[in-house]
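Encoded as structure tokens, the structure appears first; notes follow it.
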């Protein structure tokens with residue numbers, strides 16, 4: 001049986017992937033890929049991850065390899081297709097989405113197609129097309145999070161949502177189990193330091209007490225003789 005390659009995440013990669021799974025603005029595709037990598041790091045096999053996320057093991061293996069070869073950035077990109085390459089790359093699209101959902105323009109409270117086009121170097125038509133494709137409407141107050149959450153809920157079936165919730169529980173359980181030896185080591189070290197300090201205190205007190213007792217028990221100096 002082939003053994004899948006081990007996935008090891010840095011703290012920055014782990015934080016970014018966890019933020020994707022928690023973000024209401026993240027697409028279903030990005031969330032699924034982030035979960036695949038997180039569960040792979042937790043030690044689950046491709047078949048186990050596929051069963052939890054209701055997808056095929058081949059898909060899990062494909063994104064495990066993609067991550068190992070290209071890091072987190074590779075999760076945002078699909079395999080190249082035949083035909084003329086698009087002028088607007090996935091990285092540019094992600095930049096537009098990130099700016100729209102996480103930043104505001106310097107001279108306004110919300111993005112418009114004109115200000116976003118100037119910020120990313122695209123035409124207003126291209127910005128409008130990206131927003132429409134991803135359900136982004138920054139010009140409507142309070143509409144962004146509600147519309148995105150509604151769209152993401154529609155993309156997942158009940159079984160998929162349940163599988164993803166169980167997957168995140170399994171991931172956090174594995175992460176907690178991995179952190180317990182470190183926490184125990186720190187606790188033992190702190191207890192040892194505390195015991196060492198406590199053991200030194202009586203010695204210092206005893207030495208001080210002996211010194212004070214020696215002063216008290218020392219004979220008083222004889223009074224000087226008075227001159228006649």
Label-to-label distance, nm, for residues given as residue 74 and residue 166 (7 Å Cα→Cβ offset): 2.9
Residue 88 to residue 102: extension gain in nm, 0.36 nm per residue of separation minus the Cα-Cα distance? 3.0 nm
Viscosity 0.890 mPa s, temperature 25 °C: what is the translational diffusion coefficient of segment 82-140 from Stokes-Einstein with a Kirkwood Rh over Cα pairs, rounded to a whole number of µm²/s? 208
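Bear in mind these aren't lab numbers, they're just calculated from the coordinates by the rules spelled out. As the structure is a computational prediction, the values presented were derived from the model and not from experiment. Don't worry about glycine lacking a Cβ; one is built from the backbone with ideal geometry, like all the others, and counts go over all protein chains shown.
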